[in-house]
Amino acid sequence: GVNLVGVRVLDKDGIGTYERVIQGIQWVIQNKDVYNIRVMNLSIVSLAQSPYWADPLNQAVMQAWANGIVVVTAAGNMGPAAMSIGVPGNTPYVITVGAFTDNYTPTNWNDDYITPFSAAGPTLDAFVKPDVVAPGAHMTSSMLPNSTIARQHTANKITPFYFSMAGTSQATAVVSGVAALILSHNPELTPNQ
């Protein structure tokens, strides 16, 4: 029951530039009222090399936040070392998501754990991140069988159009869905709330 707006900023190999991602974020900001965009999922990560406020991608993300968009972003898959949170997850105004696994026992929470790949804080600017963790291991979703990722990860194929993947990007999608559900019940909430 949700309207999804896909803004493609990465190439067929999943690689993009700051310029393309920033252009995509600017498009979302410009069209947020046209499409009622309330949540922006950024399942992307780049190495943090400066204070969060000096990074151009983070500046674009903060503009989205300032324009009333809840920004949900991946922590990154460079964990578990401290200070491994990437850009734009190192921005204090976004919801940064790490990944946990149910250890293949979905009804037993006692053996759940944060995955070793999930990036950990603090950030370079000493913010505690990630903000939340969500399921991010062995996540099944649709994928075009001729896509680069599908061809590179044939062992992850479950059916011709469904694949199992792991990462904080998958966990970020879960939290973006939760944020959309929260806003559908409480549309007056702001990104800060």
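The values are calculated or read from the model by the stated rules, or taken from the named source; none is laboratory data. On a predicted model such as this, the values are computed, not experimentally measured, just so you know. When we count neighbours, we look across all protein chains shown, and the Cβ atoms used for this are built from the backbone with ideal geometry, even at glycine. Quick note on the areas: whole protein, heavy atoms, side chains included, nothing else; ligands and nucleic acids left out. Shrake-Rupley method; radii C 1.70, N 1.55, O 1.52, S 1.80 Å.
Name the residues in region 34-68 that are β-branched (Val, Ile, Thr), more than 11 Å from ASN90 (Cα to Cα) and either part of a loop (DSSP other than H, G, I, E, B) or in contact with a His (Cβ under 6 Å, 6 or more places away or on another chain) (or both), would you?
Within region 34-68, ILE37, ILE44 qualify.
Yes or no, residue by residue, for (1) at negative phi; (2) touching a residue at least 40 places away in the same chain (Cβ under 8 Å); (3) not acidic (Asp, Glu):
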position: ILE85; (1), (2), (3): yes, yes, yes
position: ALA99; (1), (2), (3): yes, yes, yes
position: ASP111; (1), (2), (3): yes, no, no
position: PRO116; (1), (2), (3): yes, no, yes
position: VAL132; (1), (2), (3): yes, yes, yes
position: THR140; (1), (2), (3): yes, no, yes
position: LEU144; (1), (2), (3): yes, no, yes
position: GLN152; (1), (2), (3): yes, no, yes
position: ALA155; (1), (2), (3): yes, no, yes
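Please list, ordered by first then second residue, the pairs with beta carbon atoms under 9 Å, 6 or more apart or interchain, first in region 18-46 and buried (at least 20 other Cβ atoms within 10 Å of the Cβ) and at pLDDT below 95, second of a type in the set (Gly, Ala, Ser) and in a strand (DSSP E or B).
ILE44/ALA74; VAL45/ALA74
Scanning region 131-148 for residues that are out of contact with any strand residue (DSSP E or B) (no Cβ under 8 Å at 6 or more places or on another chain) and open to solvent by 70 Å² or more (accessible area, probe 1.4 Å), which turns out farthest from VAL97 (Cα to Cα)?
Of everything passing the filter in region 131-148, ASN146 is farthest from VAL97 (Cα to Cα).
Here's the yes/no breakdown for (1) hydrophobic (A, V, I, L, M, F, W, C); (2) closer than 22 Å to LEU189 by Cβ; (3) buried (at least 21 other Cβ atoms within 10 Å of the Cβ):
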site	(1), (2), (3)
VAL71	yes, yes, yes
GLY86	no, no, yes
PRO92	no, yes, no
PRO106	no, no, no
TRP109	yes, no, no
TYR113	no, no, no
THR123	no, no, yes
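Looking at the structure I just gave you, is GLY68 under 27 Å from LEU183 (Cβ atoms), modelled with pLDDT under 95 and small (Gly, Ala, Ser)?
The answer is no for GLY68.
Return the residue satisfying two criteria in turn: it lies in region 181-193 and is in a helix (DSSP H, G or I) and open to solvent by 40 Å² or more (accessible area, probe 1.4 Å), and of such residues it is farthest from GLN63 (Cα to Cα).
Checked region 181-193; the qualifying residue farthest from GLN63 (Cα to Cα) is HIS185.
List every residue pair whose Cβ atoms sit under 7 Å apart, with the two residues 6 or more apart in sequence or on different chains, where the first one lies in region 180-193 and is without any contact (Cβ under 8 Å) to a residue 12 or more places away in the chain and the second, anywhere, is part of a loop (DSSP other than H, G, I, E, B).
Qualifying pairs under 7 Å: ILE182/LEU189.
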